[in-house]
Each structure stands twice: as C-alpha cells, then as structure tokens.
Amino acid sequence: MKRFIESLFLRGTGYTYSNMARLFLRLFVGVMLLQFGIRHLINFSMLCHTFPQVLGMSGETSLIVMICIEVICSICIMVGFLTRLSLMPPLVAMIIAEYHILHDLMPDTSIYTISSTQPGYLPLMFIGIYLFLALAGPGKISLDYFISLYIVSTRGKDDTQTEELEEV
C-alpha cells in the first residue's frame, strides 16, 4: 500500500512530465515571439517611422534589431538550440519594452488605473517565462541535450558527465 501511495504521489506531482512541460513552454513562448516578429516584418514599412528609438538607435534600426531577435531567437528557443543564450536577447528586449511602456507611454497614469487591455502586461509575461526557462533549462527534448549527448559519446563515457546529463 505504501508503494502504491508513493507511486501515485510521484505520478501526481508531474515528475515524469517535466521535460514535456519545458518543451511545451518553449514552443508556446517561441510561437508567441515568432508571430510578433512576422507581424513586424509584414508591417515594416508602416512601423519603421513610428517604432521607438532605443539605445540611441533610430526607429528603423531598432525595428530591424527587434525583428532579428524575435525571429532568430524564437526559432532557437523552440528547437532548444543554445537555449539559455537564446533567451538573453529577448529578455533584454522585453525589459527595454517594459521600461518604454512605463516611462514613455504611461508617465502620468496611476498604477491603480492600468487596465488589462493596456500593453504593460505582455512584456512582464515574457520576462517571467524567459527567467523560468533560463533557470529550468531546455529539458531533455531539445537540441542542447542531444548535442551534449553526442559530445559525451565522442569523448568517451565519463561517469560524472553522464550523471550530470541525467539530471537535466
């Protein structure tokens, strides 16, 4: 009976599905970011004149950099290639976007009057997901994991490296 309860508890806590959950989260945030990049690319001629100037770059240059971040990094995040490194540019972009929203778009708005339709919540959602993925890692269903398996197999079987890979 005790083993049954332990087994039920382990299954109920999602122990076996953590890699699937990380894959789902990577795919979700990657598709979300990619669709923003595609929208920016399609509407480039209209947006290049109104896109905010960031870090001393013109609006057009900022838009080009943002499109590159949204398209390239989202694809890398979805497939799990250099995941933690690929999370950094969009994380910085979302921090800058949140700063821009709070500093430039809503300087006189009280925090209590912000409605759910205002754009300030979206960068925060992305920041939270990126931080989680950076801490949790890409999981075993990723190119990072398969590349690390290949590297370990070409170097020879080292017990410490295979134990580290099992923890991923």
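The values are calculated or read from the model by the stated rules, or taken from the named source; none is laboratory data. A quick note: this is a predicted structure, and the numbers were derived from the prediction, not measured. Reconstructed Cβ throughout: ideal geometry from the backbone, glycine too, with neighbour counts over all protein chains shown. Only protein heavy atoms, including side chains, enter the accessible area calculation; ligands, DNA and RNA are left aside. Shrake-Rupley method; radii C 1.70, N 1.55, O 1.52, S 1.80 Å.
When region 93-105 is filtered for residues that are surrounded by 14 or more Cβ atoms within 10 Å (Cβ to Cβ) and free of Cβ contacts under 8 Å to residues at least 24 places away in the same chain, the ones remaining, listed by number, are I101, L102.
Across region 126-165, the qualifying residues are those that are farther than 13 Å from R22 by Cα and assigned to a loop (DSSP other than H, G, I, E, B), and the one among them that is modelled with the lowest pLDDT is D158.
Cβ-Cβ distances below 6 Å connect the following pairs, each with a first residue in region 42-64 that is touching a residue at least 24 places away in the same chain (Cβ under 8 Å), a second residue that is surrounded by 11 or more Cβ atoms within 10 Å (Cβ to Cβ) and of a type in the set (S, T, N, Q), and a separation of six or more residues or different chains: V54/S62.
Would you confirm, using the coordinates I've provided, whether F81 is outside any helix (DSSP H, G or I) and modelled with pLDDT of 90 or more? Taking the combined requirement at face value, the residue satisfies it.
Being assigned to a helix (DSSP H, G or I), under 14 Å from the mean Cα position of the chain (by Cα) and either modelled with pLDDT of 95 or more or on the phi > 0 side of the Ramachandran plot (or both) holds for only one residue in I95, I75, and it is I75. Quick check on region 28-45. Is at least one of its residues out of contact with any Leu (no Cβ under 6 Å at 6 or more places or on another chain), open to solvent by 80 Å² or more (accessible area, probe 1.4 Å) and within 14 Å of A97 (Cβ to Cβ)? No, every residue in region 28-45 fails to be out of contact with any Leu (no Cβ under 6 Å at 6 or more places or on another chain), open to solvent by 80 Å² or more (accessible area, probe 1.4 Å) and within 14 Å of A97 (Cβ to Cβ). Looking across region 54-84, the residues that are open to solvent by less than 20 Å² (accessible area, probe 1.4 Å), under 24 Å from N19 (Cβ atoms) and not polar (S, T, N, Q) come down to C73, I77, G80.
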